[in-house]
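Participant: One structure coming up, written as C-alpha coordinates, with questions to follow.
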Amino acid sequence: MALTTRPLTVDDFDETLRLGREAFGTPPPGTPAPSRDDWPGAGRHNFGTFDGDQLVGRIMGRDYHSWYGGREVPTSGIAGVTIVGERRGEGLLDDMFHAVLEHGRAAGQVVSTLFPTAPGIYRRYGYELISSYDTVEVPMAALAQVRPVEGVTLRRAEAADFDAVRQVYDVWAAAQNGPLTRRGVSFPATGEDLVSAFTGVTLALDESGDAVGYALWDRGAGYGASATIEVGDLLATDPRGYAALWRFLGGFATVTGQIRLETSGADPARLFLPSAAWKVVGQHPYMLRVDDVVGAFEALSPTSPAEVSVPFSVAGDLLGLDGDYRLTVGSGSSCERVSGGPAGPVFSPRGLALAWSGAQNTANLRLTGHLTGPTSYDSTLDLLLAGRPLHIRDYF
Ligand SMILES: CC(C)(COP(=O)(O)OP(=O)(O)OC[C@H]1O[C@@H](n2cnc3c(N)ncnc32)[C@H](O)[C@@H]1OP(=O)(O)O)[C@@H](O)C(=O)NCCC(=O)NCCS
(Lines give C-alpha, C1' and ligand atoms only; values in the text may rest on other atoms or scores of the structure.)
Protein backbone atom coordinates (compact mmCIF):
# COMPACT_ATOMS: atom_id res chain seq x y z
CA MET A 1 0.00 0.00 0.00
CA ALA A 2 1.33 3.45 -0.91
CA LEU A 3 2.21 5.84 1.90
CA THR A 4 0.68 9.31 1.88
CA THR A 5 1.47 12.34 4.02
CA ARG A 6 -1.18 15.02 4.53
CA PRO A 7 -2.44 17.61 7.03
CA LEU A 8 -4.43 15.99 9.85
CA THR A 9 -8.03 17.07 10.30
CA VAL A 10 -10.50 16.76 13.13
CA ASP A 11 -11.53 13.38 11.67
CA ASP A 12 -8.06 12.13 12.64
CA PHE A 13 -8.47 13.35 16.27
CA ASP A 14 -8.86 9.94 17.97
CA GLU A 15 -6.09 8.23 16.00
CA THR A 16 -3.69 11.12 16.56
CA LEU A 17 -4.30 11.12 20.31
CA ARG A 18 -3.90 7.35 20.46
CA LEU A 19 -0.55 7.54 18.65
CA GLY A 20 0.58 10.36 20.95
CA ARG A 21 -0.36 8.39 24.09
CA GLU A 22 1.45 5.29 22.79
CA ALA A 23 4.65 7.29 22.37
CA PHE A 24 4.58 9.73 25.27
CA GLY A 25 2.28 7.92 27.74
CA THR A 26 -0.92 9.18 29.24
CA PRO A 27 -0.70 12.86 30.32
CA PRO A 28 -0.03 13.55 34.03
CA PRO A 29 -3.11 13.90 36.25
CA GLY A 30 -4.60 17.39 36.06
CA THR A 31 -3.62 17.95 32.38
CA PRO A 32 -6.72 19.27 30.58
CA ALA A 33 -7.95 16.74 28.01
CA PRO A 34 -7.70 18.01 24.42
CA SER A 35 -11.09 18.89 23.02
CA ARG A 36 -12.22 17.70 19.62
CA ASP A 37 -14.04 21.02 19.14
CA ASP A 38 -10.97 23.22 19.05
CA TRP A 39 -8.39 20.63 17.96
CA PRO A 40 -5.56 21.05 17.15
CA GLY A 41 -5.75 24.63 18.50
CA ALA A 42 -4.69 27.90 16.90
CA GLY A 43 -1.09 28.11 15.77
CA ARG A 44 -0.70 24.30 15.59
CA HIS A 45 -0.40 22.35 12.35
CA ASN A 46 -0.47 18.56 12.39
CA PHE A 47 0.67 16.32 9.56
CA GLY A 48 0.36 12.55 9.42
CA THR A 49 1.65 9.72 7.30
CA PHE A 50 -0.87 7.02 6.40
CA ASP A 51 -0.41 3.49 5.15
CA GLY A 52 -3.78 3.07 3.46
CA ASP A 53 -6.12 4.46 6.08
CA GLN A 54 -3.87 3.64 9.02
CA LEU A 55 -2.05 6.56 10.70
CA VAL A 56 1.59 5.48 11.10
CA GLY A 57 3.28 8.78 11.98
CA ARG A 58 2.51 12.32 13.05
CA ILE A 59 4.33 15.63 13.52
CA MET A 60 3.20 19.07 14.72
CA GLY A 61 4.43 22.51 13.68
CA ARG A 62 3.81 25.47 15.99
CA ASP A 63 3.84 29.17 15.10
CA TYR A 64 6.38 31.10 17.12
CA HIS A 65 8.78 34.00 16.91
CA SER A 66 12.19 33.90 18.62
CA TRP A 67 14.67 36.61 19.50
CA TYR A 68 17.97 36.46 17.59
CA GLY A 69 20.28 39.43 17.14
CA GLY A 70 17.66 41.69 18.74
CA ARG A 71 15.14 40.76 16.01
CA GLU A 72 11.94 38.75 16.13
CA VAL A 73 12.55 35.78 13.86
CA PRO A 74 9.56 33.72 12.60
CA THR A 75 10.09 30.21 13.94
CA SER A 76 8.49 26.84 13.29
CA GLY A 77 8.46 24.90 16.56
CA ILE A 78 8.29 21.14 16.02
CA ALA A 79 6.60 18.88 18.58
CA GLY A 80 4.82 15.57 19.02
CA VAL A 81 7.02 13.66 16.54
CA THR A 82 5.90 10.02 16.58
CA ILE A 83 6.14 6.92 14.43
CA VAL A 84 3.98 3.94 15.40
CA GLY A 85 6.14 1.36 17.21
CA GLU A 86 6.02 -1.36 14.54
CA ARG A 87 7.11 0.99 11.74
CA ARG A 88 10.14 2.66 13.36
CA GLY A 89 13.47 2.53 11.55
CA GLU A 90 11.91 2.67 8.05
CA GLY A 91 12.75 6.33 7.39
CA LEU A 92 9.12 7.51 7.58
CA LEU A 93 10.12 10.82 9.14
CA ASP A 94 11.48 12.24 5.86
CA ASP A 95 8.09 12.95 4.28
CA MET A 96 6.67 14.38 7.49
CA PHE A 97 9.56 16.84 7.84
CA HIS A 98 9.18 17.86 4.19
CA ALA A 99 5.49 18.56 4.77
CA VAL A 100 5.65 20.41 8.08
CA LEU A 101 8.63 22.58 7.11
CA GLU A 102 7.21 23.42 3.70
CA HIS A 103 4.05 24.60 5.47
CA GLY A 104 6.10 26.72 7.88
CA ARG A 105 8.23 28.22 5.09
CA ALA A 106 5.09 29.19 3.17
CA ALA A 107 3.98 31.06 6.30
CA GLY A 108 7.31 32.94 6.42
CA GLN A 109 9.06 30.85 9.10
CA VAL A 110 12.80 30.89 8.42
CA VAL A 111 14.16 28.72 11.22
CA SER A 112 12.79 25.68 12.99
CA THR A 113 13.45 24.55 16.55
CA LEU A 114 12.58 21.56 18.73
CA PHE A 115 13.28 19.75 21.98
CA PRO A 116 14.60 16.30 20.98
CA THR A 117 14.16 13.14 23.00
CA ALA A 118 17.42 12.19 21.22
CA PRO A 119 19.46 14.67 19.09
CA GLY A 120 20.44 11.87 16.68
CA ILE A 121 16.89 11.75 15.33
CA TYR A 122 17.05 15.28 13.94
CA ARG A 123 20.64 15.74 12.75
CA ARG A 124 19.69 14.16 9.46
CA TYR A 125 17.37 17.15 8.91
CA GLY A 126 20.02 19.78 9.70
CA TYR A 127 19.03 20.45 13.32
CA GLU A 128 21.82 20.93 15.86
CA LEU A 129 22.03 21.58 19.60
CA ILE A 130 22.13 25.28 20.43
CA SER A 131 20.87 25.50 24.01
CA SER A 132 19.09 23.64 26.76
CA TYR A 133 16.06 24.35 28.96
CA ASP A 134 17.25 23.36 32.41
CA THR A 135 15.90 22.98 35.90
CA VAL A 136 18.37 23.80 38.69
CA GLU A 137 18.00 23.35 42.41
CA VAL A 138 19.39 25.96 44.81
CA PRO A 139 19.19 25.37 48.60
CA MET A 140 17.54 28.04 50.71
CA ALA A 141 20.81 28.38 52.66
CA ALA A 142 22.46 29.77 49.49
CA LEU A 143 19.73 32.41 49.08
CA ALA A 144 20.19 33.59 52.68
CA GLN A 145 23.72 34.71 51.70
CA VAL A 146 22.54 37.18 49.03
CA ARG A 147 23.28 40.70 50.30
CA PRO A 148 20.39 43.08 50.99
CA VAL A 149 19.80 45.83 48.42
CA GLU A 150 18.44 49.34 48.68
CA GLY A 151 16.23 51.26 46.30
CA VAL A 152 13.97 48.35 45.32
CA THR A 153 10.62 47.37 46.75
CA LEU A 154 8.64 44.21 46.11
CA ARG A 155 4.96 43.71 45.66
CA ARG A 156 2.61 41.01 44.40
CA ALA A 157 1.65 41.58 40.77
CA GLU A 158 -1.99 41.91 39.77
CA ALA A 159 -3.59 41.39 36.40
CA ALA A 160 -3.04 45.10 35.64
CA ASP A 161 0.74 44.53 35.84
CA PHE A 162 0.73 42.29 32.74
CA ASP A 163 2.48 44.87 30.55
CA ALA A 164 5.11 45.59 33.21
CA VAL A 165 5.96 41.88 33.46
CA ARG A 166 6.09 41.52 29.68
CA GLN A 167 8.29 44.61 29.42
CA VAL A 168 10.91 43.05 31.72
CA TYR A 169 10.76 39.79 29.78
CA ASP A 170 11.06 41.60 26.44
CA VAL A 171 14.11 43.61 27.53
CA TRP A 172 15.81 40.47 28.83
CA ALA A 173 14.79 38.26 25.88
CA ALA A 174 15.78 40.75 23.16
CA ALA A 175 19.32 40.80 24.57
CA GLN A 176 19.71 37.01 24.10
CA ASN A 177 19.62 34.64 21.17
CA GLY A 178 16.87 32.04 21.34
CA PRO A 179 14.02 33.02 23.69
CA LEU A 180 10.52 32.95 22.26
CA THR A 181 8.79 36.32 22.03
CA ARG A 182 5.84 35.02 24.10
CA ARG A 183 3.37 36.73 21.83
CA GLY A 184 0.56 35.00 20.00
CA VAL A 185 -1.85 32.19 20.59
CA SER A 186 0.43 29.94 22.63
CA PHE A 187 0.98 32.44 25.44
CA PRO A 188 -1.15 34.11 28.13
CA ALA A 189 -3.18 36.85 26.48
CA THR A 190 -4.26 38.66 29.64
CA GLY A 191 -2.88 39.57 33.02
CA GLU A 192 -5.56 37.36 34.56
CA ASP A 193 -4.23 34.34 32.63
CA LEU A 194 -0.73 35.08 33.87
CA VAL A 195 -1.38 35.68 37.57
CA SER A 196 -3.83 32.78 37.87
CA ALA A 197 -1.18 30.35 36.56
CA PHE A 198 1.09 30.75 39.63
CA THR A 199 0.89 31.01 43.41
CA GLY A 200 2.48 34.41 42.98
CA VAL A 201 4.00 36.79 40.48
CA THR A 202 6.34 39.02 42.48
CA LEU A 203 7.51 42.33 41.06
CA ALA A 204 10.65 44.26 41.95
CA LEU A 205 10.12 48.02 41.53
CA ASP A 206 12.69 50.82 41.46
CA GLU A 207 12.35 54.24 43.14
CA SER A 208 10.07 55.49 40.36
CA GLY A 209 7.79 52.49 40.68
CA ASP A 210 8.96 50.91 37.41
CA ALA A 211 9.32 47.12 37.28
CA VAL A 212 12.97 46.05 37.15
CA GLY A 213 12.40 42.34 37.72
CA TYR A 214 9.86 39.66 38.51
CA ALA A 215 9.58 36.07 39.66
CA LEU A 216 6.87 33.59 38.73
CA TRP A 217 6.63 31.06 41.55
CA ASP A 218 4.60 28.14 42.83
CA ARG A 219 4.73 27.36 46.53
CA GLY A 220 4.22 23.59 46.15
CA ALA A 221 3.07 21.13 48.82
CA GLY A 222 3.88 20.89 52.52
CA TYR A 223 6.69 22.38 54.56
CA GLY A 224 10.08 21.23 55.80
CA ALA A 225 13.41 20.32 54.25
CA SER A 226 11.88 18.42 51.33
CA ALA A 227 9.40 21.18 50.38
CA THR A 228 10.38 23.03 47.18
CA ILE A 229 9.34 26.31 45.60
CA GLU A 230 9.14 26.05 41.80
CA VAL A 231 10.25 29.25 40.06
CA GLY A 232 9.25 29.67 36.41
CA ASP A 233 11.05 32.93 35.59
CA LEU A 234 13.46 34.94 37.70
CA LEU A 235 14.36 37.82 35.40
CA ALA A 236 15.53 41.37 35.97
CA THR A 237 16.74 44.38 34.03
CA ASP A 238 18.66 45.84 36.98
CA PRO A 239 21.09 44.18 39.45
CA ARG A 240 18.94 45.26 42.41
CA GLY A 241 16.01 43.39 40.88
CA TYR A 242 17.92 40.11 40.76
CA ALA A 243 19.25 40.47 44.32
CA ALA A 244 15.88 41.49 45.78
CA LEU A 245 14.06 38.57 44.14
CA TRP A 246 16.60 36.02 45.38
CA ARG A 247 16.27 37.42 48.90
CA PHE A 248 12.49 37.30 48.63
CA LEU A 249 12.65 33.59 47.78
CA GLY A 250 15.13 33.07 50.64
CA GLY A 251 12.41 34.36 52.97
CA PHE A 252 10.79 30.92 52.69
CA ALA A 253 13.83 29.29 54.37
CA THR A 254 11.97 28.17 57.50
CA VAL A 255 9.33 26.28 55.51
CA THR A 256 11.08 25.00 52.38
CA GLY A 257 14.44 23.37 51.74
CA GLN A 258 15.18 24.66 48.22
CA ILE A 259 13.94 26.35 45.12
CA ARG A 260 13.83 24.76 41.68
CA LEU A 261 14.40 27.33 38.92
CA GLU A 262 13.64 27.00 35.19
CA THR A 263 16.70 28.42 33.49
CA SER A 264 19.05 28.09 30.52
CA GLY A 265 22.66 28.71 29.53
CA ALA A 266 24.82 31.00 31.65
CA ASP A 267 21.95 32.62 33.58
CA PRO A 268 22.87 36.15 34.77
CA ALA A 269 20.73 35.43 37.88
CA ARG A 270 23.50 33.12 39.07
CA LEU A 271 25.95 36.05 39.29
CA PHE A 272 24.13 37.15 42.47
CA LEU A 273 24.61 33.91 44.41
CA PRO A 274 27.72 33.89 46.59
CA SER A 275 27.56 30.11 46.96
CA ALA A 276 28.44 27.62 44.21
CA ALA A 277 25.19 25.71 44.83
CA TRP A 278 23.44 25.32 41.44
CA LYS A 279 22.53 21.71 40.85
CA VAL A 280 21.12 20.82 37.45
CA VAL A 281 18.26 18.37 38.10
CA GLY A 282 16.60 18.42 34.66
CA GLN A 283 17.64 19.18 31.10
CA HIS A 284 15.79 19.52 27.82
CA PRO A 285 18.31 20.09 25.00
CA TYR A 286 17.15 22.51 22.28
CA MET A 287 17.96 22.23 18.55
CA LEU A 288 17.69 24.62 15.60
CA ARG A 289 17.61 24.27 11.83
CA VAL A 290 17.98 27.18 9.40
CA ASP A 291 15.11 26.49 7.03
CA ASP A 292 15.41 29.42 4.64
CA VAL A 293 18.99 30.71 4.29
CA VAL A 294 18.18 34.06 2.69
CA GLY A 295 15.16 34.65 4.94
CA ALA A 296 17.05 33.70 8.11
CA PHE A 297 19.96 36.06 7.44
CA GLU A 298 17.64 38.86 6.41
CA ALA A 299 15.61 38.35 9.59
CA LEU A 300 18.79 38.36 11.70
CA SER A 301 20.17 41.47 9.92
CA PRO A 302 23.70 41.34 11.36
CA THR A 303 25.48 44.68 11.62
CA SER A 304 29.05 45.76 10.89
CA PRO A 305 30.79 49.16 11.08
CA ALA A 306 32.52 48.38 7.76
CA GLU A 307 31.01 47.10 4.52
CA VAL A 308 31.69 43.33 4.27
CA SER A 309 30.62 40.73 1.75
CA VAL A 310 30.92 37.04 2.61
CA PRO A 311 30.33 34.34 0.01
CA PHE A 312 29.41 30.94 1.45
CA SER A 313 27.81 27.69 0.42
CA VAL A 314 25.61 25.10 2.06
CA ALA A 315 26.10 21.43 1.16
CA GLY A 316 24.44 18.23 2.30
CA ASP A 317 20.89 19.36 3.08
CA LEU A 318 18.08 16.87 2.50
CA LEU A 319 15.45 19.60 2.38
CA GLY A 320 16.63 22.04 -0.30
CA LEU A 321 19.13 24.50 1.21
CA ASP A 322 22.16 23.45 -0.88
CA GLY A 323 23.62 26.25 -2.99
CA ASP A 324 25.82 29.33 -3.03
CA TYR A 325 24.95 32.53 -1.16
CA ARG A 326 26.36 35.96 -0.43
CA LEU A 327 25.85 37.86 2.81
CA THR A 328 26.47 41.61 2.55
CA VAL A 329 26.56 43.72 5.71
CA GLY A 330 27.40 47.38 6.23
CA SER A 331 25.07 50.26 5.57
CA GLY A 332 22.33 47.61 5.42
CA SER A 333 22.19 43.84 5.53
CA SER A 334 21.18 41.48 2.74
CA CYS A 335 21.58 37.88 1.74
CA GLU A 336 21.06 36.45 -1.72
CA ARG A 337 21.41 33.20 -3.56
CA VAL A 338 24.15 33.53 -6.21
CA SER A 339 25.66 31.47 -8.98
CA GLY A 340 29.38 31.79 -9.60
CA GLY A 341 31.58 34.39 -7.89
CA PRO A 342 34.40 33.79 -5.42
CA ALA A 343 34.39 30.47 -3.57
CA GLY A 344 33.62 30.89 0.11
CA PRO A 345 33.51 28.54 3.09
CA VAL A 346 31.07 25.63 2.97
CA PHE A 347 28.66 24.95 5.84
CA SER A 348 26.94 21.67 6.54
CA PRO A 349 23.26 22.35 7.40
CA ARG A 350 24.06 21.68 11.07
CA GLY A 351 27.09 23.99 10.87
CA LEU A 352 24.86 26.69 9.43
CA ALA A 353 22.43 26.28 12.35
CA LEU A 354 25.29 26.56 14.86
CA ALA A 355 26.84 29.60 13.13
CA TRP A 356 23.60 31.49 12.44
CA SER A 357 22.41 31.11 16.04
CA GLY A 358 25.83 32.06 17.44
CA ALA A 359 26.06 28.76 19.32
CA GLN A 360 29.55 27.90 17.97
CA ASN A 361 32.30 29.93 16.33
CA THR A 362 33.99 29.07 13.05
CA ALA A 363 36.97 27.44 14.79
CA ASN A 364 34.69 24.95 16.53
CA LEU A 365 32.76 24.32 13.31
CA ARG A 366 36.02 23.44 11.56
CA LEU A 367 37.06 21.18 14.47
CA THR A 368 33.79 19.27 14.15
CA GLY A 369 33.70 19.07 10.35
CA HIS A 370 30.77 21.48 9.87
CA LEU A 371 32.74 24.19 8.04
CA THR A 372 35.26 23.54 5.27
CA GLY A 373 36.97 25.51 2.49
CA PRO A 374 38.74 28.89 2.60
CA THR A 375 39.36 30.32 6.08
CA SER A 376 39.72 33.95 4.98
CA TYR A 377 36.16 34.91 6.05
CA ASP A 378 36.17 33.12 9.42
CA SER A 379 36.97 36.13 11.59
CA THR A 380 34.36 38.23 9.75
CA LEU A 381 31.70 35.54 10.28
CA ASP A 382 32.62 35.35 13.96
CA LEU A 383 32.25 39.13 14.34
CA LEU A 384 28.93 39.17 12.52
CA LEU A 385 27.31 36.22 14.24
CA ALA A 386 28.74 35.88 17.75
CA GLY A 387 27.96 37.96 20.77
CA ARG A 388 24.63 37.02 22.32
CA PRO A 389 24.25 34.24 24.87
CA LEU A 390 21.86 31.41 23.94
CA HIS A 391 18.78 30.97 26.10
CA ILE A 392 15.36 29.33 25.94
CA ARG A 393 12.70 29.62 28.66
CA ASP A 394 9.66 27.93 27.14
CA TYR A 395 9.33 24.18 26.68
CA PHE A 396 7.07 22.88 23.93
C1 LIG B 1 11.85 9.07 17.41
C2 LIG B 1 11.06 8.36 16.31
C3 LIG B 1 10.00 9.30 15.79
C4 LIG B 1 12.03 7.99 15.22
O5 LIG B 1 11.35 7.26 14.26
P6 LIG B 1 12.13 6.23 13.28
O7 LIG B 1 11.15 5.62 12.38
O8 LIG B 1 12.97 5.35 14.12
O9 LIG B 1 13.06 7.25 12.51
P10 LIG B 1 13.81 7.05 11.13
O11 LIG B 1 14.00 5.59 10.84
O12 LIG B 1 13.10 7.86 10.09
O13 LIG B 1 15.21 7.66 11.44
C14 LIG B 1 15.44 9.04 11.41
C15 LIG B 1 16.77 9.32 12.09
O16 LIG B 1 16.61 9.19 13.51
C17 LIG B 1 17.66 8.40 14.02
N18 LIG B 1 17.16 7.76 15.22
C19 LIG B 1 16.04 6.99 15.34
N20 LIG B 1 15.88 6.63 16.63
C21 LIG B 1 16.90 7.17 17.32
C22 LIG B 1 17.28 7.17 18.71
N23 LIG B 1 16.55 6.51 19.62
N24 LIG B 1 18.39 7.84 19.08
C25 LIG B 1 19.12 8.53 18.17
N26 LIG B 1 18.80 8.58 16.86
C27 LIG B 1 17.71 7.89 16.44
C28 LIG B 1 17.99 7.45 12.91
O29 LIG B 1 19.29 6.91 13.07
C30 LIG B 1 17.88 8.37 11.70
O31 LIG B 1 19.01 9.18 11.58
P32 LIG B 1 20.19 8.86 10.50
O33 LIG B 1 19.55 8.76 9.18
O34 LIG B 1 21.06 10.07 10.66
O35 LIG B 1 20.84 7.61 11.00
C36 LIG B 1 10.37 7.09 16.85
O37 LIG B 1 11.36 6.26 17.39
C38 LIG B 1 9.36 7.37 17.94
O39 LIG B 1 8.20 7.61 17.67
N40 LIG B 1 9.81 7.32 19.23
C41 LIG B 1 8.95 7.61 20.38
C42 LIG B 1 8.58 9.10 20.46
C43 LIG B 1 9.74 10.05 20.39
O44 LIG B 1 10.77 9.90 21.05
N45 LIG B 1 9.57 11.08 19.58
C46 LIG B 1 10.54 12.15 19.41
C47 LIG B 1 10.06 13.33 20.18
S48 LIG B 1 11.23 14.68 20.13
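The values are calculated or read from the model by the stated rules, or taken from the named source; none is laboratory data. This is a predicted model, so every value here is computed, not measured. Heads up, the Cβs are rebuilt from the backbone with ideal geometry, glycines too, and the neighbour counts pull from every protein chain shown. Only protein heavy atoms, including side chains, enter the accessible area calculation; ligands, DNA and RNA are left aside. Shrake-Rupley method; radii C 1.70, N 1.55, O 1.52, S 1.80 Å.
Participant: Probe radius 1.4 Å, ligands and nucleic acids ignored: give me the carbon and sulfur share of the accessible area of the range 293-385 as a rounded percent.
Facilitator: Answer for the range 293-385: carbon and sulfur cover 53 percent of the accessible area.
Participant: What whole-number volume per residue, in cubic angstrom, does the convex hull of the C-alpha atoms of the range 141-285 give?
Facilitator: Spelled out: Cα convex hull of the range 141-285, divided by residues, is 120 Å³.
Participant: In addition: Rank His370, His391 by accessible area, highest first, at a 1.4 Å probe radius?
Facilitator: Most to least solvent-accessible, the answer reads His370, His391.
Participant: Scan around Val81 for amide H atoms under 5 Å from its own, H built in the peptide plane at 1.01 Å from N, and keep only partners 5 or more places away or cross-chain.
Facilitator: The answer is Met60.
Participant: Ignoring ligands, DNA and RNA, please state the percent of accessible area on the range 134-283 from carbon and sulfur, probe 1.4 Å.
Facilitator: Exposed carbon and sulfur together represent 53 percent of the surface.
Participant: Compute the Cα gyration tensor for the range 293-385, then decide on rounded, prolate or oblate, letting a ≥ b ≥ c be the square roots of its eigenvalues: rounded whenever a/c is under 1.5, prolate when a/b is larger than b/c in the other cases, and oblate in all that remain.
Facilitator: rounded
Participant: Tally up the carbon and sulfur contribution to the accessible surface of the range 3-114 as a whole percent, 1.4 Å probe, everything protein left in place.
Facilitator: 50
Participant: Tell me, what ³J(HN,Hα) does each residue in the range 134-146 have, in order and in whole Hz, if you take phi through Karplus 6.51 cos²θ - 1.76 cosθ + 1.60 with θ = phi - 60° and put x for Gly and Pro?
Facilitator: Result, rounded to whole Hz: 10, 10, 10, 10, 10, x, 4, 4, 6, 6, 5, 7, 5.
Participant: A follow-up question, please. Averaged per residue, what accessible area in Å² does the chain show with a 1.4 Å probe, protein chains only?
Facilitator: Per-residue accessible area for the chain comes out at 44 Å².
Participant: Using mean Cβ contacts within 10 Å as the protection proxy, how do 39-48, 132-141 order, highest first?
Facilitator: Packing proxy ranking, top to bottom: 132-141, 39-48.
Participant: Something else: Rounded to whole Hz and in sequence order, give me ³J(HN,Hα) for the range 267-281 from the Karplus expression 6.51 cos²θ - 1.76 cosθ + 1.60, θ = phi - 60°, writing x for Gly and Pro.
Facilitator: Going residue by residue, I get 5, x, 4, 5, 5, 9, 9, x, 8, 7, 4, 5, 9, 6, 10 Hz, with x marking Gly and Pro.
Participant: Give me the accessible area of Arg388, 1.4 Å probe, in Å² rounded to the nearest 10.
Facilitator: 90
Participant: Just read off the accessible area of Trp217 with the full protein assembly in place, 1.4 Å probe, to the nearest 10 Å².
Facilitator: 10
Participant: Where q = 0.12 Å⁻¹, what log10 of I(q)/I(0) comes from the Debye formula for the chain, counting one point per Cα?
Facilitator: Each listed q maps to, in turn, -1.04.
Participant: Can you give me the relative contact order of the range 54-188 as a percent, contacts being Cα pairs under 8 Å and 6 or more apart?
Facilitator: So the answer I get is 34 percent.
Participant: Taking amide hydrogens as modeled 1.01 Å from N in the peptide plane, which residues meet the under 5 Å criterion relative to Ser132, leaving out close sequence neighbours?
Facilitator: Gly265, Tyr286, Ile392
Participant: Related question: Give the long-range amide H neighbours of Asp322: residues separated by 5 or more places, or on another chain, with amide H under 5 Å away, using H modelled in the peptide plane at 1.01 Å from N.
Facilitator: Asp317
Participant: Could I ask something else about it? So what J values fall out for the range 21-27 if you push phi through Karplus, 6.51 cos²θ - 1.76 cosθ + 1.60 with θ = phi - 60°, rounded to Hz, Gly and Pro as x?
Facilitator: Couplings: 5, 4, 7, 9, x, 6, x Hz.
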